[in-house]
Amino acid sequence: MRVACPGSFDPITLGHLNIIERSAALYEEVVVLVTYNPSKSGMFNADERVELISSVVSHLSNVTVDTWSGLLVDYTTAHDIPVLVKGLRSSLDYEYELPMAQMNKRLSGVETNFLMTDPELGYISSTLCKEVAKFGGSLDGLLPPVVVDALLARLRQ
């Protein structure tokens, strides 16, 4: 079965990577889908996110990376993807994700499978990592090394 793991991934964290790796062990093919709003700017543009993710998941032969800026269900329909996989860190994530999962189901029939984040990674978010980096804190154990390098280089610009 082909599934998609959608997210903004600005930037990809070790928590994201854990969900992707676990999805790759469960499903035949995983598409990591960088979703973005072209009218908003993140730390990294969509192409940079794809490049970072691709380098981090290169050890997973059944994982590809793509981008999408429209309705998620339009992508899943166009690419014959019946399932989305989302990671949940806490009940707050569940409260946020549940209505979207239900709307996606209503619009196209796509199912959403939730994977609980490993407890040791549950506090990690891209937003917090960017804040830690801005103030010179350690990113060890939060981001893949290539992402740490890219983030610090971006902050130096």
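Derivation of every value follows stated rules applied to the coordinates shown; laboratory data play no part. Predicted model only: the values in this text are computed from it and were never measured. So basically every Cβ, Gly included, is an ideal-geometry build from the backbone, and we count neighbours across all protein chains shown.
Some notes on this structure:
- Condition broken by residue 56, with the remaining ones in (1) surrounded by 18 or more Cβ atoms within 10 Å (Cβ to Cβ); (2) touching a Gly at 6+ places or on another chain (Cβ under 9 Å); (3) within 28 Å of residue 140 (Cβ to Cβ) satisfied: (2)
- Test result for residue 130, exposed (fewer than 12 other Cβ atoms within 10 Å of the Cβ), basic (Lys, Arg) and touching a residue at least 12 places away in the same chain (Cβ under 8 Å): no
- Residue check for residue 66: touching a Gly at 6+ places or on another chain (Cβ under 7 Å) and outside any helix (DSSP H, G or I): no
- Failed criterion for residue 120 (all others in (1) in contact with a Gly (Cβ under 9 Å, 6 or more places away or on another chain); (2) surrounded by 13 or more Cβ atoms within 10 Å (Cβ to Cβ); (3) in a helix (DSSP H, G or I) hold): (2)
- Residue match in segment 119-139 (condition: among the hydrophobic types (A, V, I, L, M, F, W, C), closer than 15 Å to residue 6 by Cα and within 15 Å of the chain's Cα centre (by Cα)): no
- Residue that is nearest to residue 141 (Cα to Cα), among those in segment 3-17 that are out of contact with any Gly (no Cβ under 6 Å at 6 or more places or on another chain) and in a loop (DSSP other than H, G, I, E, B): 13
- Each residue in segment 3-51 was checked for being buried (at least 19 other Cβ atoms within 10 Å of the Cβ) and acidic (Asp, Glu), and 1 pass.
- Comparison of 76, 112 shows that the only residue that is in contact with a Ser or Thr (Cβ under 7 Å, 6 or more places away or on another chain), over 29 Å from residue 146 (Cα atoms), hydroxyl-bearing (Ser, Thr, Tyr) and not in a loop (DSSP other than H, G, I, E, B) is 76.
Residue by residue, here is whether (1) under 21 Å from residue 139 (Cα atoms); (2) touching a residue at least 40 places away in the same chain (Cβ under 8 Å); (3) not small (Gly, Ala, Ser) holds:
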{"residue": "66", "(1), (2), (3)": "no, no, yes"}
{"residue": "76", "(1), (2), (3)": "no, yes, yes"}
{"residue": "90", "(1), (2), (3)": "no, no, no"}
{"residue": "99", "(1), (2), (3)": "no, no, yes"}
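- Residue match in segment 29-46 (condition: assigned to a helix (DSSP H, G or I) and closer than 13 Å to residue 11 by Cα): yes
- Looking across segment 79-96, just one residue is crowded, with 17+ Cβ neighbours inside 10 Å and either polar (S, T, N, Q) or part of a helix (DSSP H, G or I) (or both), and that is 93.
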